[in-house]
Amino acid sequence: MSEVPGEGADFFGRIPLFREFARLMATGSGPVNWELARQVAVATAAGADTLGMTPQLPSPAAAPAPGEARAWDDRLRLAELWVDPATSLPGPGVALAARPLSRPDWAEAVLPEFAPLVEPGARRMTEALGADGAGDLPGVAGMPGAGDMVGRLGGLLAGLQAGTVVGQLARSVLGQYELAMPPRDPARVLLLPENVGAFERASGLPGDQLRLWLACHEVAAQRLFAGVGWLRDHLHGVVGDIARETDPDPSGLMDRLQSLDVGGPEGLQELLEGGEGLLGPPSAALQAAVGRLEVLLALTAGYAVVIAGRALEGRLPALEAIEAAVRRRLADPQAPHGLFAQLLRASPERAAAARGERFCREVLAATDIDGLDRVWAHPDFLPRAEELDVPGRWLERVGLVGGEEVDLDEGLRALLEGEDRPPGPEGEER
């Protein structure tokens with residue numbers, strides 16, 4: 001590479017990080033460099049140190065114990081029997097098979113399923129870098145193939161980010177359906193026994209009961225992501241809407257790259273986490289699209305928790321303790337649900353499972369499971385952001401209640417008080 005200031009080749013010469021990835025730059029194509037993502041995801045899942053630090057061998061991956069899959073298959077069979085009366089959503093019509101995996105194997109197995117969720121935003125950024133950014137960059141403008149070169153740089157960054165997040169998820173996710181991702185194979189349920197054991201020890205929960213709860217949770221969520229026919233396309237459509245409404249700032253990204261200090265992990269981490277600073281002011285359309293995604297993430301997570309609780313009520317002595325531990329986990333922005341929301345550019349607070357759980361419980365208190373499951377009948381029945389927080393508005397819009405807006409807490413209290421009153425003189429309740 002030339003060392004003469006201002007020449008195009010010197011642009012990448014001043015970024016040591018990308019000199020190390022020259023081969024990947026030369027071979028990668030598309031909005032995300034998935035080969036780099038795979039390598040980073042597997043290394044991070046296995047416990048390798050942060051990129052930019054002195055390389056060290058990762059910890060050996062813990063392989064699932066012999067007989068683990070059979071034990072999980074038995075739990076899934078039992079969970080299906082218990083979940084059936086707890087929801088009106090039908091089963092998949094196929095026998096569920098558990099597939100316990102180590103952390104690196106899980107990262108490599110699920111990475112392709114992230115493509116429809118990551119590529120639209122990455123493509124939007126790459127287009128901005130290649131078409132709009134290259135012409136304004138000192139030392140790059142006018143170079144043959146400058147747009148393609150800078151576009152490959154965008155794919156490299158997207159691969160780094162996706163691989164890093166998937167690797168981090170692999171170190172804490174419990175099961176396949178803890179993330180709002182429609183499965184490629186509805187009969188397969190991926191589980192991470194190493195993470196389940198870590199959660200059991202950290203929370204002090206009885207292991208057998210925790211695993212039964214997780215099996216019911218996976219079956220309940222599977223009814224959503226494999227059984228609600230329009231959910232996959234709707235989720236991908238919302239992600240696409242967010243990408244289309246995004247206005248990247250390519251000059252800001254290139255300025256950051258040229259001044260990036262990769263002598264330690266802080267510089268790379270700042271780049272990976274600094275996406276919001278690389279975007280223009282959010283438009284009303286972008287805010288609306290993000291709001292729809294946050295509703296979907298909150299509702300699917302909350303629904304699975306509620307249905308698992310309904311299925312296990314009276315069956316697990318430790319159910320209350322398990323649900324409390326799960327709620328604390330879901331509220332942590334660095335736990336899988338929060339990391340996944342951040343990857344999709346949603347707010348972990350607005351996408352919190354607690355919002356969806358509260359909505360589901362209040363709708364159930366006012367109607368029944370058939371009323372709640374109306375939310376999955378058609379995308380138009382999904383609650384809007386304000387309806388997720390005030391379920392009475394959703395109940396009225398979909399025709400489950402009429403008249404003035406309902407205060408669900410007051411309505412439930414009146415119903416309970418009415419049941420405690422003695423019968424009237426003609427045998428009817430007053």
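Quick note: the coordinates plus some simple rules give every number you see, no bench work behind them. Keep in mind that what you see is a predicted model, and the values were worked out from it rather than measured. Positions of Cβ are generated from backbone atoms using ideal geometry, with glycine treated the same way; all protein chains shown enter the neighbour counts.
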Integer Hz, Karplus 6.51/-1.76/1.60 couplings in order for segment 296-307, x for Gly and Pro: 5, 5, 5, 5, 5, 5, x, 4, 4, 5, 5, 5
Stretch gain in nm, segment Ala377-Arg184, where the contour uses 0.36 nm per residue and the Cα spacing is subtracted: 67.3 nm
Label-point separation, Ala365 to Arg397 (7 Å along Cα→Cβ), nm: 2.1 nm
Highest average packing first - 357-370, 379-392, Cβ atoms within 10 Å: 357-370, 379-392
Theoretical gain in end-to-end length, Leu81 to Asp208 [0.36 nm per residue, Cα-Cα removed]: 44.0 nm
Distance histogram for segment 317-391 (every C-alpha pair counted, 5 angstrom bins, percent rounded to whole numbers): 3, 14, 19, 20, 21, 16, 6, 1
Net lengthening on full extension, Ala285/Ala354 (0.36 nm per residue, minus Cα-Cα): 22.3 nm
